[in-house]
Amino acid sequence: MTTSPSKQNAPTITIARGDGIGPEIMEAVLSILAAAKADFTTDEVQIGEAVFKAGYSSGISPEAWDSIRKNKIMLKSPITTPLGGGYKSLNVTLRKTLGLYANLRPCQAFHPFVPSGHPGIDVLIVRENEEDTYAGIEHRQTQEVTQCLKLISRPGCEKIIRFAFETARRYQRNKVTCMTKNNIMKITDGLFFNVFEEIAREYPEFETQHQIIDIGSARMATRPEYYDVVVTPNLYGDILSDIAAEVAGSVGLAGSVNMGTEFAMFEAIHGSAPDIAGQNIANPSALLRAAVMMLTHLGQTEAANRIENAWLSTLEARIHTADMISPSTRQKVGTKEFAAAVIERLGEKPKTLPVANFTAAQAKDQQSSAPSGKPIQKSTKELKGVDVFIDWSEGKRDPEVLGRDLEKASIKPFTLKMVTNRGVKVYPGGMPETFCTDHWRCRFVLANKGNPKPEDLLTLQNALLQQGFDIVKTENLYNFDGQPGYSLGQGE
Ligand code: NAD
């Protein structure tokens, strides 16, 4: 499909209509882009539910990959990830495979035209997009216990935090807030926080602050005007941006970009809304605003401004889809009619809401803020011991019994330092009240000073296996520059 290729070399965009309300909102958006004479051709691919069911476990076919690789820019409707059946989230696959490390989600109010309890909200949420629990590495290890790995890397933190500051610069913002849970996850979230502090020094023009994610989310819900740019790891960012979008008015209004150094994918922040699919009632605004971000990214700022201003004028006319309805609504419309109302207003500017003014400076967009590529300073890494996780549920699951048996099975040069259950120390000297599952972390360190050899760890594991222990995983314990690279047990 071609919108209006005025030039021979108009870019080609990969389009995916998605599932649920996806096809309806994409149709509405493409009609507005065509009417605004946005200059690109499209290459349509099928992704999502049907592709999952055709046997592609990540919901995307090789042909779709080829299109995305070639075009490098994608406008995507939401898709449905079928539950169960080993299907992987397509969104996560796309973000990670294409290196889309940053997810920028602007959330702002359009009060009083879309009522918001917080008319002053205008926040840019920058969510890390590739790491954290979204690595999707999960295991069931025992009858009772499952785990999900939370991976946070230094390069990952550097990229996203630098991206956040560059975004703040491009959009002329004043304050950057980092949110983590570094009081509990001192190593993973601690790294994110430390990198934030380091990189903040390179951007002295900004006011910076750090908040724990729980109070940060609560404040986002009650005092969102307080925030300007927020940068946060993946899971927190996912939740926080939905809170911010809903506080601003509706999740149906917020678009987003997933940005990498080579690829960019533009989408609504909401899902495929199967509950309202096929009824011509979905709000196409979020996908439209993602498309406006895409046009800005392509340097087509004139078309971007025309569309955004027409959209703002439509809101000012109080023409609303069902999700925006309020006592002040003048006309309740369906998806198609809303798109027609926007098209009718192309060329108009809003009278009360701020006139859109996407600039060429923003056009170069986030791809310029790739990581600096500074080499990471290597620390001295020393092996200090091993955490052996075992599946054990004998008798009354008495940690004293387990601890003593482990001590008997342990071999030189190791000694059993402690046993924890779900992170709480239960041996030696646990509390009888602590509830114990069948999943035990048994920490072995050297009896004397020095470092074990990697093969010593295998000898230890062998000795434990010989005594009938069911090892479900091990984690080596390392010191980095003399500092433990592992957490202590609760109560250790
Ligand atoms: P959802 O965002 O689809 O829906 C949540 C609520 O918001 C529903 O009541 C829905 O009707 C409403 N809503 C969402 N978008 C709307 C719009 N444009 N206009 C009016 N109302 C709208 O979230 P969900 O129900 O948790 O998820 C449904 C499916 O979407 C799931 O399969 C999920 O995996 C998928 N999902 C996809 C994406 C994506 O593709 N980027 C993101 C989130 C969820």
Under the Karplus relation with 6.51, -1.76 and 1.60 and θ = phi - 60°, whole-Hz ³J(HN,Hα) for the stretch 249-255, x at Gly and Pro, equal x, 6, 5, x, 10, 9, x
The stretch 381-484, relative contact order [Cα under 8 Å, separation at least 6], %
48
Mind listing the phi-derived Karplus ³J(HN,Hα) values for the stretch 71-78, rounded to whole Hz, using 6.51, -1.76 and 1.60 with θ = phi - 60°, and x for any glycine or proline?
8, 6, 10, 9, 10, 10, 7, x
Determine, for Cys148, Cys436, the number of other Cβ atoms within 10 Å of each Cβ, and report the residues in order from fewest to most.
Cys148, Cys436
To the nearest µm²/s, what D does Stokes-Einstein give for the stretch 381-484 at 37 °C and 0.692 mPa s, using the Kirkwood radius over alpha carbon pairs as Rh?
236
Rg/Rh for the stretch 236-301 to two decimals, with Rh computed the Kirkwood way over all alpha-carbon pairs.
1.01
Helical contribution to [θ] at 222 nm, DSSP H n ≥ 4, -39,500 (n - 2.57), averaged over the chain, rounded to 500
-10000 deg cm²/dmol
Per-residue Cβ neighbour rank within 10 angstrom, fewest leading, Leu240, Leu457:
Leu457, Leu240
Looking at this model, which pairs from Lys96/Lys150; Lys417/Lys473; Lys150/Lys175; Lys88/Lys150; Lys381/Lys449; Lys186/Lys412 are more than 20 angstrom apart at the alpha-carbon?
Lys150/Lys175; Lys186/Lys412
Given backbone amide H placed at 1.01 Å from N, residues whose amide H is under 5 Å from that of Tyr427, ignoring those fewer than 5 places away on the same chain, are Val419
For a footprinting-style exposure proxy, rank Ile60, Ile215, Ile307 by other Cβ within 10 Å, fewest first.
Ile215, Ile60, Ile307
Quick one: 3J(HN,Hα) in Hz for the stretch 276-287, Karplus 6.51/-1.76/1.60 with θ = phi - 60°, rounded, Gly and Pro as x.
10, 5, x, 10, 6, 10, 5, 8, x, 4, 5, 5
What three numbers, in Å, describe the spread of the alpha carbons of the chain along their principal axes, ordered from the longest?
81, 52, 48
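Values in this text are rule-based calculations from the coordinates and carry no lab data. The shown structure was predicted, so the numbers you read here are calculated from the model rather than taken from an experiment. Neighbour counts are summed over all protein chains in view; Cβ atoms, including those assigned to glycine, are modelled from backbone coordinates with ideal geometry.
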